[in-house]
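Everything below concerns the one structure shown next.
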Amino acid sequence: MSDEMISVVVEEVHPIPAEAPPDPEWGEQFGQDSGFSFEVSRWTVAIFVDRRITRGTADERIEALSQGYGKPVAHLVDCVGLHWRLDSEMVSPTRAGTILYAASGKAMGSGQVDLEPERNEARFTVQTLYEGITNRDTVEGSLSGEFDGHMWSVRASVTVTSSR
């Protein structure tokens, strides 16, 4: 068995394609109109963000980010169709800490969301917990960006090494 590596740097995101619908179990707060997607090799990664983050009032954004463990603020559908989730908790009046969980339930990443309540803006970062972390494959990555009240600006770096 030889190692296969996929490495990509993302600087452009797209609307979530029709071929990647949200899971109805996630609830009405998640839709293709509230999030973004990007390409990793020949696959699409779709990130569905709670609509209260992108369309809500300052209080609704804080409510969404305050839900805690098991109440995702975002869902990610990865390159092979597995569903990941991003949970959050408020750690200050304008900042939430986040934990990214793989479909297996393993914590894979952490980060934060910073809100600009007066301007309906949010900045975020997420990165893998440590070098060499595995979830079927070895995954290393980071995702950062902002929502300016209308559109997403995202930068991502993802490397997946598989020995299957």
query = Taking I47, is it out of contact with any Lys or Arg (no Cβ under 8 Å at 6 or more places or on another chain), within 19 Å of L115 (Cβ to Cβ) and not in a strand (DSSP E or B)?
reply = no
message = Looking at R61 and the list (1) under 15 Å from F147 (Cα atoms); (2) free of Cβ contacts under 8 Å to residues at least 24 places away in the same chain; (3) more than 15 Å from the chain's Cα centre (by Cα), which single condition is not satisfied?
response = (2)
query = Which members of region 18-30 meet the condition of being under 21 Å from A103 (Cα atoms) and loosely packed, with under 15 Cβ neighbours inside 10 Å?
reply = E19, P21, D23, P24, E25, G27, E28
query = When both residues are 6+ apart or on different chains and their Cβ atoms are under 9 Å apart, which pairs have a first residue that lies in region 143-164 and is under 16 Å from E12 (Cβ atoms) and of a type in the set (D, E, K, R), and a second that is surrounded by 14 or more Cβ atoms within 10 Å (Cβ to Cβ) and at pLDDT below 80?
reply = D148/N120
One residue from E60, E12 being acidic (D, E) and assigned to a loop (DSSP other than H, G, I, E, B) = E12
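The values are calculated or read from the model by the stated rules, or taken from the named source; none is laboratory data. The structure presented is a predicted model; accordingly, all values stated were derived computationally and were not measured. Cβ atoms come from the backbone with ideal geometry, glycine included; neighbour counts cover every protein chain shown.
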